[in-house]
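Notes to accompany the following structure.
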Amino acid sequence: MVKKISISKYISYLFLVSICVIWVVPVIFGITTSFRSQAEVVSAGFRLFPKEWDFNNYVAILENTSTAPILRWLSNSLIIAVSHTLLVVFIISLTGYGYTRLKFKGRDALFFTLLGISFFPGVVNLIPSYKIIEALGWVNTAWAMIIPGLAGMGNIFLVRQFMKGIPGELDESAKVDGASDFRIYYSIILPLVKPVLIVCGLFSFIGSWNDFLWPVIVYTDVEKMPITAGLLLLQDIYGNYRMIGQLMGSAILAIIPTLVLFIFAQKYFLQSINLNSGIKG
């Protein structure tokens, strides 16, 4: 029996290591490609690491502030993603509180109706969303990226489920002491749901940062583009194997902020896997 368990364990480890290699090798190759000279990039054969490490690609990327201002794009994406994330956290926490602690007619019916509508593919809403953005005069502005998607039902569902695990006696005790609904939300509920809010914020930041189709539609001004729309533009500037090292270097710079964010927030991500992890007693 022990032998069978050991064999199954080794098979599991082998499978996981294989999946890890399949995922990691292309990432390493992409990183090392950004440090290759153009001559080595176009040469035949596969080498995981370059013969000589060349930093000229990154120098050229940072010096190009006219046709490909990547630092400006990164700054635009950071402003958009941070603003979007902060608003998401505020809206979903307040909405989740309303769907769990406040009692009004049709509350659950409204919630599940909106949840069902959210299952429609997002591409269905592209044209109506663009028409709304155009009517508001938000084309080529950060508002076109910040406002849409603030009240995502997936995030609201997670917060609602988390809040349902908080004992209702806390609300009743606070009301006896004269606390208002907003006071209960701010002082009692909000601190308890911090883990799931951090995770929803993490997902929102990454989703906003990596959003590709929508910014390509709403942006035409190069200076105002976020990094994802800028990377599409770089395919025309650096593509066709002419400056593939610079294109790969730009992509590597684009993933650094989300990678750093995940490294610092991963403990909250793991904690939120159990939706009741922050509730004790």
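Candidates I188, I127, I184, I132: the one that is in contact with an Asp or Glu (Cβ under 8 Å, 6 or more places away or on another chain), without any contact (Cβ under 8 Å) to a residue 60 or more places away in the chain and more than 24 Å from F264 (Cβ to Cβ) is I188.
For region 127-152, residues that are aliphatic (A, V, I, L, M) and not in a helix (DSSP H, G or I) total 5.
Report whether or not V89 is assigned to a helix (DSSP H, G or I) and either surrounded by 18 or more Cβ atoms within 10 Å (Cβ to Cβ) or at pLDDT 85 or above (or both). Spelling it out, V89 is indeed assigned to a helix (DSSP H, G or I) and either surrounded by 18 or more Cβ atoms within 10 Å (Cβ to Cβ) or at pLDDT 85 or above (or both). When R47, R36 are checked against the criterion of being of a type outside the set (S, T, Y), more than 13 Å from L247 (Cα to Cα) and surrounded by 11 or more Cβ atoms within 10 Å (Cβ to Cβ), a single residue qualifies: R47.
In region 66-81, which residues are surrounded by fewer than 15 Cβ atoms within 10 Å (Cβ to Cβ), touching a residue at least 60 places away in the same chain (Cβ under 8 Å) and not hydroxyl-bearing (S, T, Y)? Within region 66-81, I79 is the sole residue that qualifies. Of the residues making up region 109-126, those that are exposed (fewer than 10 other Cβ atoms within 10 Å of the Cβ) and not in a loop (DSSP other than H, G, I, E, B) number 4. Whether any residue in region 96-107 is under 18 Å from S250 (Cβ atoms), surrounded by 13 or more Cβ atoms within 10 Å (Cβ to Cβ), touching a helix residue (DSSP H, G or I) at 6+ places or on another chain (Cβ under 8 Å) and not β-branched (V, I, T) is what I want to check. Checking region 96-107: not a single residue is under 18 Å from S250 (Cβ atoms), surrounded by 13 or more Cβ atoms within 10 Å (Cβ to Cβ), touching a helix residue (DSSP H, G or I) at 6+ places or on another chain (Cβ under 8 Å) and not β-branched (V, I, T).
Put simply, of E40, E52 the only residue that is assigned to a helix (DSSP H, G or I) and of a type in the set (D, E, K, R) is E40.
Of all residues in region 87-114, which are under 17 Å from C200 (Cα atoms) and without any contact (Cβ under 8 Å) to a residue 60 or more places away in the chain? Answer for region 87-114, where residues must be under 17 Å from C200 (Cα atoms) and without any contact (Cβ under 8 Å) to a residue 60 or more places away in the chain: just F90.
The values are calculated or read from the model by the stated rules, or taken from the named source; none is laboratory data. This is a predicted model, so every value here is computed, not measured. With ideal geometry, Cβ positions are generated from the backbone for all residues, glycine too; neighbour counts draw on all protein chains shown.
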